[in-house]
Amino acid sequence: MGGAIAIAGMACLRSGAGLVTLAVPATSLDLVASFHPCYMTVPLACDDSGRLISTSLQQLVSPLEKATCVAIGPGLGRSADSDAVVETIFKTLNKNVIFDADALNAISDSETWMRLRADRSSLAHGPAGSEVTNRILTPHPGEWQRLSGVLAQDREEQKSIADEIAGHTKSVILLKGHRTYITDGSRSFENETGNASMAAGGNGDCLTGIIAALVCQGMSCLDAARLGAHLHGLAGDIAHQALETPSTLATDLIQYIPKAFRTLPQT
């Protein structure tokens, strides 16, 4: 799904990241590169269906070392090898990492997460050599149901378990939906921007890109998630008011990110 990662990359660029690199299956590279000339692309080994294979992890070593913030999931798809790549990054990468979309689904099926569900203290200190892992998880209610075991319809209980799991895993969890809920286990916030027109596919990829850009500019994971959710929803509100259409597309939203930024207090 090349459009998803391209949308995340374009939103990241528009939100202030100085240099954006998209690592994508080699079969998708030309397509993804064609969407925008201002991000770079890196080809990864994949099978005939465009799904990552195990050797892609070695190809990611250098890009991951250079990155200030890593986002994984938009457009990824699922396979045993790609799931293993996600799990390895989840367990070992000592950097700011955002997990979204199929990366969250991969985590939910991983042995690492199953052990965590059984003993939530097992990952409390992050990867070897790190006391805190700067993870951000951005599930929608269905993805959070798979991760937490709490039904998507039970919003309050999903929020409660998000507080608990965020605290145990030293993560920031951004639970999407009406009044998106952001928590690090000790502090929690509800976002008040956004509207129903933003339910169109691709807008979640925009949010991932915005948050990544904010982390790249030095914000903590919690602050980046909070401000990212606010700006994302506000850009959607501005676009919806300007365009007066039933659906605010991801490409629409990206165009209105600058106006959302201009509402922030100047420092």
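May I ask which residue of LEU147, ALA103, VAL42 lies farthest towards the positive end of the charge dipole of the chain, with charges of +1 (Lys, Arg) and -1 (Asp, Glu) on Cβ and the Cα centre as origin?
With unit charges placed on the Cβ atoms, the residue in question is VAL42.
What is the antiparallel percent of DSSP beta bridges lying wholly in the chain, to the nearest 5?
DSSP beta bridges in the chain are roughly 30 percent antiparallel.
Skipping prolines and chain starts, which residues have an amide H placed within reach, meaning under 5 Å, of the one on VAL24, given they are 5 or more residues away or on another chain?
VAL42, LEU44
Check HIS140: other-chain or 5+ apart residues with amide H under 5 Å from its amide H, H built from backbone geometry?
Under 5 Å from the amide H of HIS140 lie the amide H atoms of LYS176, each far enough along the sequence or on another chain.
To the nearest 20 debye, what charge dipole does the range 65-258 have about its Cα centre, counting +1 at the Cβ of each Lys and Arg and -1 at the Cβ of each Asp and Glu? Don't skip to the end; give the middle numbers.
Working: 16 positive and 24 negative charges, 69 e Å.
So the magnitude is around 340 debye.
What distance in nm separates the simple spin-label points at SER247 and GLU190, each placed 7 Å from Cα in the Cβ direction?
The answer from the label model is 2.9 nm.
Give me ARG115, ARG78 sorted ascending by neighbouring Cβ count inside 10 Å, so fewest comes first.
In increasing order of surrounding Cβ atoms, one gets ARG115, ARG78.
Which Cα, out of TYR256, VAL86, GLY209, lies furthest along the positive dipole direction of the range 65-258 (beta carbon charges, K/R +1, D/E -1)?
The residue sitting farthest along the positive end of the dipole is VAL86.
Would you mind ranking LEU207, LEU231 by Cβ crowding within 10 Å, fewest neighbours first?
By the 10 Å Cβ count, ascending: LEU231, LEU207.
Within a Cβ distance under 14 Å of THR248, other residues only, what is the Lys/Arg minus Asp/Glu net charge?
-3
From the C-alpha gyration tensor of the chain, pull out the three semi-axes of the equivalent ellipsoid (sqrt of 5λ each), sorted largest to smallest, in whole Å. Provide the component values of the computation, followed by the final result.
Values: eigenvalues 131, 112, 59 Å².
Over the Cα atoms of the chain, the ellipsoid semi-axes are 26, 24, 17 Å.
Among the aspartates and glutamates, select those whose C-alpha is under 20 Å from the C-alpha of LYS159, and discard any that sit fewer than 8 residues away in the same chain.
ASP100, ASP119, GLU143, ASP184, GLU190, GLU192, ASP223
Quick check on the exposure proxy: order THR208, THR251 from fewest to most C-beta atoms within 10 angstrom.
Values: THR208 30, THR251 18.
The most exposed by this proxy come first: THR251, THR208.
Coordinate-derived values only; no laboratory data. Computed from a prediction, not measured in an experiment: that's the story for all the values here. Neighbour counts are summed over all protein chains in view; Cβ atoms, including those assigned to glycine, are modelled from backbone coordinates with ideal geometry.
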